[in-house]
Structure formats: structure tokens, C-alpha cells
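Engineer: Structure provided below as C-alpha cells; questions to follow.
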Amino acid sequence: MERAIQGFLEHLRSEKRSPANTIGSYGRDLRSLVEFVRDKRGREPKLDDVDVYVLRGWLGVLARSLSANSVARHVASTRTFFRWARRGKLVASDPTELLASPKVRRPLPTLVSASAAAEIVTSPDADDAAGLRDRAALEVMYGCGLRVSELCGLDLGDLDLRERQVRVVGKGDKERIVPLGSHAAKAVAAYLAVRADVVGPKRSVRAPEALFLSAHGKRLSPRAVQLLTKRSGALGAGRADLHPHALRHSCATHMLDGGADLRSIQEILGHSSLSTTQRYTHVSIDHLLRVYDAAHPLARK
């Protein structure tokens, strides 16, 4: 079973070109199953040792300490693995076919208003190089609806200020061209003028191709962007719970409120499926009130 898991992870890495975080999650979930079967059988498990009853017992143990979301993720990882194993004729049947996923209640994602987003992206100090970098990073992340990994992965060569667009490499190394708004373009231009000053005086630029640099001369890390977003959310909108994905979600929602169609939003966000885009978009209460006032007979009275 361990050899099969290694083959599956290599399939994700080389053929599916899945992100490293995704591959790591699959590996941890499947090795949790291996440990459960090993304890149950008292030996190294084989693929044939896993049937629907073993899977139900494993998920029952997981449910004692994990949330429904986490259990559902384990189910999805196992289902994907056994489908791959069956296609490769490593197993005669797929034991996950009879396995039901736990029902997951999806809470409404974090969302900020357009005015709050404007306050957040302009909250960093514009009097020094680091502040201009932070403003540019927030403007691009919100204005283009980027994932934090996509923002940190941007290179100077991906940027076209003349055409006001940026080339983004998303999940699975899929490329897309995203429009760069006027505010984001202006913020990036201001940052580029002082980009070299971001790096400390006793340090050198170690990632010359990277658009956003850290004080150590390296590529700005996702963790640094997460802390920046949290700090700017607290300063600009009084939201200490803000995270980068909230700005991405807010971008999609604000475009939807402004009249953009889901297909266009799908292209900008880089979703392979429209159903994913529908989960990201959340109609604001202001939009709902406008529709209600215009359409409901009691509101018209």
C-alpha cells in the first residue's frame, strides 16, 4: 500500500502537476489510513485489506477528533486514490464507491465591502519602500483576485504596465492573463521606483526575478502576506480576522455586484469549473435590497 501511495503522489506531481500543498495533504490523509489498517491487521497493509467496512471504521475514529470538513477531505483523498488505483488495475474494485461523504455545513466566507477594501489596501504607510510594496501587493491581490501563492509567485517579467495586465501562474501551472486595474497599476509603478530600497542595506537581492521582495532580498513569502493582510485589515477596517483569501472572495463578489457575469469572473479567478466560482461569489446585502425593492410587490407599494 505504501508503494501504491508513492506512485499516486508521483502521478499528482508529474502528470497532474498538483500544488505541493495538495500533494502533502493527500499524503497525510492516506498515511493516516495506512496507520489505521496496520494497527488493525498487525502487519504492513495491502490494498486488498481496505474495504468499505475498514474505511467506515477509520472515518469513525477520525470523527472523534476532527471536524466534518476534515473528515470529508480524508474521504475525498481516499476516493481519488482508489479511483487512480482501479484505473491502474492495482485493485479489482473501488471500496469508496459505497462510502458516503459526511455532510458539511459551509459557513459564509469572510467578506468586506468595497469601501472597506479600499481602506485596507491603502492602509500601509506610503512614505517608505516597504509600505509602497505592501500597498502594491494588496492592490494587486484584491484588484486581480489572486491567491496568495499566485501573488508571491509573480515575476517582473509577468507584469505589463503598458497594457495594464499581468500573467498569473495558478494551480496546476495553468497560466492566465488578468487585467490590472488603474489603482493597482499606479501602486505597482510607485513600488517599482523604490523596489531595490526594500532590501536591507547589508543584504543583497537574492531573487532578482521576483516582483515582490522581502527585506532579506528573497521572494515575499505567503506567511508575510498573511500577516500583512491581517494587520491591514485591523488598521483599515477594524477586521483582525482578515486573510488573503477574503480579498480574493471580496473581489469576485464586488465584480458580481457590478454586473460581471460568472464566466468572466471564472476566467479572472482561474477556476477550471464554474461551480467553484459560484461558491466563491456571495451577493451582498445591498444588492439583495436593490433587487427586493425593484421586484417585490410589497416593496413597490
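Engineer: Could you tell me how many degrees, from 0 to 90 and to the nearest 10, lie between the Cα long axis of helix 68-87 and the main elongation axis, the longest principal axis, of the Cα atoms of the chain?
Structural biologist: Result, in degrees: 60.
Engineer: So how far apart, in nm, are the two label points at residue 39 and residue 100 if each is 7 Å from Cα heading toward Cβ?
Structural biologist: The answer from the label model is 2.6 nm.
Engineer: Which one, 98, 262, 151, is farthest towards the positive end of the dipole of the chain when Lys and Arg carry +1 and Asp and Glu -1 on their Cβ?
Structural biologist: Value computed over the given set: 98.
Engineer: Treating only the Cβ atoms of Lys and Arg (+1) and Asp and Glu (-1) as charged, compute the dipole magnitude of the chain about its Cα centre; round to the nearest 20 debye. Walk me through the numbers before you get to the answer.
Structural biologist: Numbers: 48 positive and 33 negative charges, 172 e Å.
That gives a dipole near 820 debye.
Engineer: Give me the tail of P(r) for region 2-98 as a percent: Cα-Cα pairs with distance above 16 Å.
Structural biologist: Pairs farther apart than 16 Å: 54 percent.
Engineer: Now for a separate question. How do 177, 5, 120 line up, fewest other C-beta atoms within 10 Å first? Before the final figure, lay out each step's value.
Structural biologist: Details: 177 14, 5 18, 120 25.
Taking fewest neighbouring Cβ atoms as first place, the list is 177, 5, 120.
Engineer: Okay, moving on. For the charge dipole of the chain, defined by +1 on Lys and Arg C-beta atoms and -1 on Asp and Glu C-beta atoms about the Cα centroid, which residue among 126, 165, 14 has the Cα displaced farthest towards the positive pole?
Structural biologist: 14
Engineer: Using only the alpha carbons of the chain, determine the length spanned along each of the three principal axes and report them from longest to shortest in whole angstroms.
Structural biologist: Per principal axis, max minus min of the Cα coordinates gives 70, 64, 33 Å.
Engineer: Nearest 10 degrees is fine. How inclined is helix 20-41 to the longest principal axis of the chain, computing both from alpha carbons?
Structural biologist: Relative to the chain, helix 20-41 is tipped by roughly 20 degrees.
Engineer: Still on this structure, I have one more. Long-range amide H contacts for residue 212: which residues qualify at under 5 Å (H placed 1.01 Å from N, peptide plane, sequence gap of 5 or more or a different chain)?
Structural biologist: Those lying under 5 Å, H to H, from residue 212 are 220.
Engineer: Are there trypsin sites (Lys or Arg not before Pro) in region 115-218 that DSSP marks as loop and that have at most 10 other Cβ atoms within 10 Å, and which are they? Please list the in-between numbers first.
Structural biologist: Values: sites: 133, 135, 147, 162, 164, 167, 171, 174, 176, 186, 195, 202, 203, 206, 218; in loops: 147, 162, 164, 174, 202, 203, 206, 218.
Filter output for region 115-218: 162, 202.
Engineer: What is the local net charge at residue 138, summed over the other residues whose Cβ is closer than 15 Å to its Cβ (Lys, Arg +1; Asp, Glu -1)? Before the final figure, lay out the partial values.
Structural biologist: Details: positive: 133, 135, 147, 186, 230, 231, 239, 248; negative: 119, 125, 134, 139, 150.
Result for the local shell: +3.
Engineer: Right, next: Angle check, please: helix 52-63 long axis (alpha carbons) against the longest principal axis of the chain (alpha carbons), in degrees 0 to 90, nearest 10.
Structural biologist: 50
Engineer: How large is the helix-only mean residue ellipticity at 222 nm for the chain, computed as the sum of -39500 (n - 2.57) over DSSP H runs with n ≥ 4, divided by its residue count, in deg cm²/dmol to the nearest 500?
Structural biologist: On the way: 14 runs with 167 residues, N = 301.
One gets -17000 deg cm²/dmol as the mean residue ellipticity at 222 nm.
Engineer: Another one. Taking the Kirkwood radius as the inverse of the mean 1/r across Cα pairs, report the Rg/Rh of region 76-155. Each step should come with its number before you reach the end.
Structural biologist: On the way: Rg = 22.1 Å, Rh = 17.0 Å.
Here Rg/Rh amounts to 1.30.
Values in this text are rule-based calculations from the coordinates and carry no lab data. Please read all numbers here as calculations on a predicted model, not as lab measurements. Because the Cβ atoms are built from the backbone with ideal geometry, glycine has one as well, and the counts that use them run over all protein chains shown.
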